[in-house]
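In what follows, a structure is listed as structure tokens, so that the remarks can point back to it.
The values are calculated or read from the model by the stated rules, or taken from the named source; none is laboratory data. What you see is a predicted model; the values in this text were computed from it and never measured. So basically every Cβ, Gly included, is an ideal-geometry build from the backbone, and we count neighbours across all protein chains shown.
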Amino acid sequence: MGALIDGKAIAAGIREDVAKEVAALKSEHGFTPGLAVVLVGEDPASQIYVRNKGKMTEEAGMNSFTHRLPADATQDQVEALLETLNNDDSVDGILLQLPLPKHLDEASAIERISPNKDVDGLTEASAGRLSLGKKGIRPCTPAGCVILAKSALGDDLSGKNVVVIGRSILVGKPAALLFLEQNCTVTIAHSRTKDLGEVCRQADILVAAVGRPKMVPAEWVKPGACVIDVGINRIPAPEKGEGKTRVVGDVDFDACKDVAGQITPVPGSVGPMTIAGLLVNTVTAAKLRRGL
Ligand code: NDP
């Protein structure tokens, strides 16, 4: 069996480093970074994510502000709240929990977040900086994928063939750009890709960010490849009781673990890295805003 990539432990280490930096900022510069999370509606998964983010933010010694709006909130209400947070000096990072309820315009809301506080790295300004190779805040989940790959393969990823399945603005596209930044040779696959299995078999690092349970079979994995599974899919789990569910990734873990050189389990690898990345980005935003 390939080695498990323990994102949980790596994320815990990153959160410890963040806590040390937060303490130093407080004692040396007299401020505490603050993260504001905006949750619109009652989506159960989002509620859990928001609770976890708040808890981890506080555990790192930072200020956590959670703002909840009802599921029928208007676009104006959401954007007015974001504007207030942009102007709030105690807030260094703003995270708008996605997805928003269907009647809201997500892209327009994201654009209302000040790029200086865009800790999710999703505004046009952040995406532009990433694609131009300029310094800036990078999206948390894709940044976590690069850290996990480095933990498995070493810091120098130059020349590795990377295949990213998925081209979303949230994960696939920024992940591809971040691996390109590491001098990898990157292929982006998507729903129109022909012979996806053949494409995937070229990968030294295979990143699956699709949202389809266990879609990557063992035959798509080059022996010894590093497999990073971003997918979070809830499937029925009758073995746990009637109506129960469990979370699986986009990779058929049980089948692929024997072929891969290293592989991330789901849950518990990419997910924790996303939250750790959010805390790192909040500290970075807090420092940049104060010219540190
Ligand atoms: P999106 O639905 O936005 O994007 C999915 C991508 O997968 C699209 O680019 C789509 O292609 C592609 N795709 C769909 N079907 C196929 C197929 N049959 N073959 C190849 N490609 C396909 O999802 P996200 O990027 O937002 O999320 C992906 C997964 O990652 C989800 O399971 C999500 O829950 C999870 N996630 C996990 C996070 C974490 O912290 N671990 C954070 C964020 C997301 P096309 O563009 O052609 O339609």
message: Given (1) outside the structural domain of Asn52 (by TED's automatic domain parsing); (2) away from the ligand (no atom under 16 Å from the Cβ), identify the lone condition not met by Asp92.
response: (1)
field: Answer from Gly136, Gly144 - the residue that is out of contact with any strand residue (DSSP E or B) (no Cβ under 8 Å at 6 or more places or on another chain) and in contact (Cβ under 8 Å) with a residue 60 or more places away in the chain
entry: Gly144
field: Residue satisfying condition, being of a type in the set (Val, Ile, Thr) and within 9 Å of the ligand (Cβ to nearest atom), within set Ile147, Ile137, Ile165
entry: Ile165
query: Here are Pro213, Pro272: which of them is under 21 Å from Gly7 (Cβ atoms) and in contact with a helix residue (DSSP H, G or I) (Cβ under 6 Å, 6 or more places away or on another chain)?
result: Pro272
Members of region 180-196 that are touching a strand residue (DSSP E or B) at 6+ places or on another chain (Cβ under 9 Å) and either within 8 Å of the ligand (Cβ to nearest atom) or of a type outside the set (Ser, Thr, Tyr) (or both): Leu180, Gln182, Cys184, Val186, Ile188, Ala189, His190, Thr193, Leu196
query: Quick one: which strands (runs of 3 or more DSSP E) sit completely within region 164-279 and have at least 3 residues that are more than 20 Å from the chain's Cα centre (by Cα)?
result: none
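The rows are residues; the columns are (1) crowded, with 19+ Cβ neighbours inside 10 Å; (2) under 19 Å from Gly261 (Cβ atoms); (3) modelled with pLDDT of 95 or more; (4) charged (D, E, K, R).
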residue: Cys140; (1), (2), (3), (4): yes, no, yes, no
residue: Gly166; (1), (2), (3), (4): yes, no, yes, no
residue: Gln202; (1), (2), (3), (4): no, yes, yes, no
residue: Leu206; (1), (2), (3), (4): yes, yes, yes, no
query: Of these, Ala80, Ala60, Ala73, which one is among the small types (Gly, Ala, Ser) and in contact with a strand residue (DSSP E or B) (Cβ under 8 Å, 6 or more places away or on another chain)?
result: Ala73
message: Against the condition within 16 Å of the ligand (Cβ to nearest atom) and either surrounded by 23 or more Cβ atoms within 10 Å (Cβ to Cβ) or over 30 Å from Gly224 (Cβ atoms) (or both), how does Leu132 come out, does it pass?
response: no
- prompt: within 16 Å of the ligand (Cβ to nearest atom) and modelled with pLDDT of 95 or more, is that true of Pro217?
  reply: yes
